[in-house]
Amino acid sequence: MSIQSFTFTSEASGFEGYQALYSGGTDVSATDAPFAARVEAHRFGRMNVYERVLSGVEHRRNQARVRRDGFEHFTIQYLRSGIFHGGPLGDERLLSPGDIILFDLTRPQRTRLDTASFVTVSLPRDLVEAAAPQASRFHGQVLPEAVSGLLGDLMGSLARRAAVTTPEASASTARALCELLSGTLGQMEPGDETTSAILADLRRRRAEAFIEARLHDPSLDVNMVARGSALSRSALYRLFEPTGGVAHHIGTRRLERLSAALRNPTEMRSISTLTFDHGFSSESHCSRAFRSAFGLPPGRYRAEMCHPRAGERGGPLEAECGGSLLDAWSRALS
């Protein structure tokens with residue numbers, strides 16, 4: 001596979017063009033600072049690299065957007081210069097030049113940028129977690145240059161050499177990034193978590209793993225999860241209460257899995273078959289829940305989310321085409 005690239009400049013398309021460019025993955029709004037944007041984007045196999053200079057822009061992914069998009073990959077963002085606030089939604093921090101911030105796309109986040117020059121690398125979840133199983137616990141955490149210097153050096157070098165990097169080198173480079181990220185996280189404490197919070201996280205992950213393996217079973221309920229994960233009902237309720245409860249989690253994961261199947265152009269099963277294969281007890285219940293979560297019934301969602309295959313080409317593209325391409329690149333990481 002050859003490298004795909006494109007360039008966006010605000011001089012050509014303005015703020016509306018920039019919004020359209022990122023409409024598939026984030027809600028974009030203007031800040032009080034003057035707006036300007038330049039984006040150089042490259043796709044290397046299962047790794048996407050973006051070199052950006054942005055001013056007067058805020059990117060936001062709330063819970064509804066996270067659920068609707070269904071992205072599962074990670075991004076690491078390396079600040080070269082400028083003002084960059086970022087983090088979990090409502091808990092953003094100011095980065096210093098040389099810092100890196102890690103984002104898990106399955107969780108809400110926000111960034112605000114004023115004349116910031118930075119490099120972003122998007123990596124598939126399986127590749128990151130193979131090297132750093134604890135990565136999601138560091139969502140939105142700033143990795144200071146003192147511990148992340150080598151990772152930042154590699155990201156900066158990758159952006160500078162993007163135009164001449166060979167596709168054959170992309171797999172080894174992605175693995176090197178993940179190994180450096182793992183080493184960086186190993187030198188840090190995950191925020192202000194206490195031992196009890198870490199244990200709670202492990203118990204919840206055990207329960208989530210049990211749920212994931214049985215989402216297709218329509219009889220899956222709180223009692224089954226409690227027995228299967230060796231937890232009391234009360235302990236299970238406490239673990240899932242912050243995200244709406246066990247039943248809500250089961251329903252949300254079924255909807256997310258179904259939406260991923262509907263976005264897959266090679267998935268040939270009918271809506272009816274997919275409904276029951278994903279653990280829903282009836283098509284009508286599934287359709288109501290799906291419309292509530294994604295704004296469209298399953299059939300229409302499938303039709304609107306299937307993108308045409310992007311041609312492999314370089315150079316500037318129109319913002320609308322670039323937005324579709326960015327969205328397709330991100331979905332290819334799942």
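Taking the criterion of being open to solvent by 60 Å² or more (accessible area, probe 1.4 Å) and closer than 22 Å to Val222 by Cβ, the residues of the range 248-297 that qualify are His248, Arg257, Phe276, Ser281, His285, Arg288, Ser292. Among the residues of the range 129-151, is there at least one that is in contact with an Asp or Glu (Cβ under 8 Å, 6 or more places away or on another chain), modelled with pLDDT under 95 and acidic (Asp, Glu)? Checked against the condition, which is being in contact with an Asp or Glu (Cβ under 8 Å, 6 or more places away or on another chain), modelled with pLDDT under 95 and acidic (Asp, Glu), the range 129-151 yields at least one hit. Do you know which of the residues in the range 23-49 that are touching a residue at least 40 places away in the same chain (Cβ under 8 Å), surrounded by fewer than 20 Cβ atoms within 10 Å (Cβ to Cβ) and not small (Gly, Ala, Ser) is nearest to Gly87 (Cα to Cα)? Looking at the filtered set, the residue picked out is Thr31. Residues in the range 87-132 that are of a type in the set (Gly, Ala, Ser) and closer than 23 Å to Arg331 by Cβ were compared, and the one that is surrounded by the most Cβ atoms within 10 Å (Cβ to Cβ) is Ser122. Of all the residues in the range 130-155, those that are of a type in the set (Asp, Glu) and without any contact (Cβ under 8 Å) to a residue 12 or more places away in the chain number 1. Among the residues of the range 275-334, those identified as at pLDDT below 90, farther than 15 Å from Gly70 by Cβ and assigned to a loop (DSSP other than H, G, I, E, B) are Pro308, Arg309, Ala310, Gly311, Glu312, Arg313, Gly314, Gly315, Pro316, Leu317, Glu318.
If you filter the range 133-151 down to residues that are buried (at least 18 other Cβ atoms within 10 Å of the Cβ) and in contact with a Ser or Thr (Cβ under 6 Å, 6 or more places away or on another chain), you find that the one that is nearest to Ala33 (Cα to Cα) is Leu143. Taken over the range 8-19, the criterion of being open to solvent by 30 Å² or more (accessible area, probe 1.4 Å) and either part of a strand (DSSP E or B) or under 28 Å from Phe294 (Cα atoms) (or both) is satisfied by Thr9, Phe15, Glu16, Gln19.
The values are calculated or read from the model by the stated rules, or taken from the named source; none is laboratory data. All values reported here derive from a predicted model rather than from experimental measurement. Heads up, the Cβs are rebuilt from the backbone with ideal geometry, glycines too, and the neighbour counts pull from every protein chain shown. Heavy atoms of the whole protein, side chains included, go into the accessibility calculation; ligands, DNA and RNA do not. Shrake-Rupley method; radii C 1.70, N 1.55, O 1.52, S 1.80 Å.
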